[in-house]
1. Please enumerate the residues belonging to the stretch 208-256 that are of a type in the set (F, W, Y) and within 25 Å of P176 (Cβ to Cβ).
2. Condition test on P388, is it under 30 Å from T144 (Cβ atoms), not β-branched (V, I, T) and not in a helix (DSSP H, G or I)?
3. Inspect the stretch 351-364 for any residue being open to solvent by less than 20 Å² (accessible area, probe 1.4 Å), under 25 Å from L139 (Cβ atoms) and modelled with pLDDT under 90 and give the result as yes or no.
4. State all residues of the stretch 275-333 that are closer than 22 Å to S463 by Cβ, open to solvent by 20 Å² or more (accessible area, probe 1.4 Å) and at pLDDT below 85; if no residue qualifies, say none.
5. Looking at T399, is it in a helix (DSSP H, G or I), surrounded by 16 or more Cβ atoms within 10 Å (Cβ to Cβ) and in contact with a Cys (Cβ under 9 Å, 6 or more places away or on another chain)?
6. Taking the criterion of being within 28 Å of the chain's Cα centre (by Cα), free of Cβ contacts under 8 Å to residues at least 60 places away in the same chain and open to solvent by 10 Å² or more (accessible area, probe 1.4 Å), would at least one residue in the stretch 117-127 satisfy it?
7. Which condition number does L96 fail, the rest of (1) without any contact (Cβ under 8 Å) to a residue 12 or more places away in the chain; (2) under 14 Å from the mean Cα position of the chain (by Cα) being met?
8. State the number of residues belonging to the stretch 423-440 that are open to solvent by 10 Å² or more (accessible area, probe 1.4 Å) and assigned to a helix (DSSP H, G or I).
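The values are calculated or read from the model by the stated rules, or taken from the named source; none is laboratory data. The model shown is predicted, which means the values in this text are computed figures rather than measured ones. Note: ideal-geometry Cβ built from the backbone for every residue, glycine included; neighbour counts use all protein chains shown. Only protein heavy atoms, including side chains, enter the accessible area calculation; ligands, DNA and RNA are left aside. Shrake-Rupley method; radii C 1.70, N 1.55, O 1.52, S 1.80 Å.
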Amino acid sequence: EVSSACVARDRHTSIGRRSFVTRRKVPWTPRQCTCRSGSERPIKKEGAMFEAKEAVPEGGTVETHNVHEAREDAMEKGTISEKSVKPASGRWVMILLMSLAFVLCNMDKVNMSVAVIPLAEELAWSASQRGIVSSAFFLGYALTQLPAGWIANKIGGGKVLLAGVAIWSFGTMLAPPAAYSSLWGLCLTRVLVGLGEGLAPAAAVGLMAECIPQKARARAVSLVFGGMDVGSVVGLLLAPLLIKYCGWNSVFYIFGLLGFFWCSLWIFMQTNGLGSSDQLLDTADLSSAMQKEVPWKEIANCTPFFATVATHFCYNYGYFTLLAWLPSYFEVALGLDVRGAGWFTLIPYLAMCLMTPFVGPVADGLVARGHSVTRVRKIAQCVALLGPCLALAAISILTSITSPANSSMAGAVVVLLSFAFAMGTWSRAGLYCNHQDLSPRYASVLLGISNAVGAIPGLVGVSIAGLVYDRTHSWEWSLFYPTMVFQAIGAILFVCYASGEKQSWG
């Protein structure tokens with residue numbers, strides 16, 4: 001039986017073959033708890049109220065990773081009442097802050113796609129040189145994916161996310177002096193921005209896997225990563241205005257300062273008890289002390305995971321190349337003035353923002369109505385890949401008959417691009433949830449691996465698009481046809497091999 005010393009300070013609730021412990025806010029001292037297995041061990045505390053342990057069966061002890069899922073299982077079984085559970089509203093404050101970080105993330109990503117146009121004119125860059133500058137970001141982005149997942153799994157996602165925002169904001173502010181120094185100096189600053197932004201996804205996924213139950217997972221993921229869509233809109237809206245009235249270098253200084261403001265806000269909220277009342281800001285730091293070694297062998301032999309990785313690569317090929325080249329496409333192919341804050345360039349990203357609020361609730365609703373998680377993930381990801389594929393096929397036809405001098409078809413092209421980007425947001429309920437489905441415990445590690453592979457299209461695809469355009473002067477062959485092929489392949493792989501079930505090692 002649980003010792004009376006533990007009962008005096010803890011509420012121990014059995015959940016079938018597992019249990020969790022919720023601790024009151026009292027001064028902590030190390031103590032021993034005698035469990036049903038007869039073994040004694042200290043219960044640790046590292047800055048959060050809740051600590052989760054899985055079943056203490058007769059043969060030994062195992063751990064559970066998500067305290068909220070354990071708590072909800074207890075309510076479903078009637079072991080505890082819903083009234084006795086304090087609502088965790090603080091986790092959604094944390095989610096909103098993470099979403100804001102991803103707003104800044106994409107603002108600092110798309111600023112170069114706009115600023116490179118006046119930069120190329122001022123410094124006489126070719127399309128190939130513009131592609132090199134745009135793709136330098138993805139070199140840094142790819143390099144930090146694996147370390148980010150491992151570090152977030154060890155020390156907690158909150159610290160890693162803070163470091164990432166600070167690094168990419170610093171790199172953003174270094175861009176103007178570096179650009180006047182040399183092309184390669186500017187590329188180094190973009191690598192630094194990529195290094196910082198590469199830390200963010202794994203950190204965010206680790207935090208969400210720790211504190212968001214599966215039934216709310218799609219909503220949380222779509223809200224956090226939906227910040228990237230808002231960031232694209234805000235960045236593409238503000239950057240042309242700043243370039244027009246203040247010069248291109250103002251974009252980097254102002255956007256960088258906003259990043260440091262977010263860092264101060266995150267530190268302020270963390271040190272003033274955002275996580276202490278709702279047990280959620282530092283939960284990852286709590287469980288990281290209990291993590292076992294990452295099961296690399298099991299991960300390497302997991303077919304559903306590698307289906308997710310391959311799909312991530314295929315999806316990102318379209319997303320990254322379009323993100324980098326669309327402003328140039330609008331200006332060169334459609335004759336739109338991007339620097340004059342052309343509203344057409346914002347419409348596709350606005351479409352993503354408008355679609356995002358529907359993605360999470362619809363996906364979570366399907367799961368709640370009894371559809372399997374695997375089916376929901378596959379449906380969502382197919383929509384995210386095949387919808388844009390069809391739209392890009394139509395855009396290719398329109399582009400071939402449209403010229404800057406006669407851009408009457410520009411409106412139709414923008415509508416189709418808006419449809420393509422809006423459908424792409426369904427990946428937030430597909431592959432972006434899948435890492436947490438397969439392994440809540442090691443979700444940050446899985447996303448780190450997946451994002452490292454997913455960054456390759458940004459590193460290679462963006463440059464290849466510039467090289468192909470220099471030789472063919474065809475947007476269809478340089479941008480649209482390759483994207484269509486990769487997205488079709490990704491849909492096939494995900495449908496055939498992906499899974500939404502938790503793996504035995506996860």
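1. Applying the first criterion (of a type in the set (F, W, Y)) to the stretch 208-256 yields 225, 245, 248, 252-253, 255.
Across the stretch 208-256, the qualifying residues are Y245, W248, F252, Y253, F255.
2. In short, no.
3. No, the stretch 351-364 has no match at all.
4. Passing the criteria: E331, V332.
5. Values: in a helix (DSSP H, G or I): yes; surrounded by 16 or more Cβ atoms within 10 Å (Cβ to Cβ): yes; in contact with a Cys (Cβ under 9 Å, 6 or more places away or on another chain): no.
No, not satisfied.
6. Taking the stretch 117-127 and keeping what is within 28 Å of the chain's Cα centre (by Cα), we get 117.
From what's left, free of Cβ contacts under 8 Å to residues at least 60 places away in the same chain: none.
Within the stretch 117-127 (the criterion being within 28 Å of the chain's Cα centre (by Cα), free of Cβ contacts under 8 Å to residues at least 60 places away in the same chain and open to solvent by 10 Å² or more (accessible area, probe 1.4 Å)), the answer is no, since none of the residues qualifies.
7. Among (1) without any contact (Cβ under 8 Å) to a residue 12 or more places away in the chain; (2) under 14 Å from the mean Cα position of the chain (by Cα), L96 violates only (1).
8. Here is the first cut: in the stretch 423-440, the ones open to solvent by 10 Å² or more (accessible area, probe 1.4 Å) are 423, 426, 432, 440.
Imposing the further condition that a residue be assigned to a helix (DSSP H, G or I) reduces the set to 423, 426, 432.
Final tally of qualifying residues: 3.
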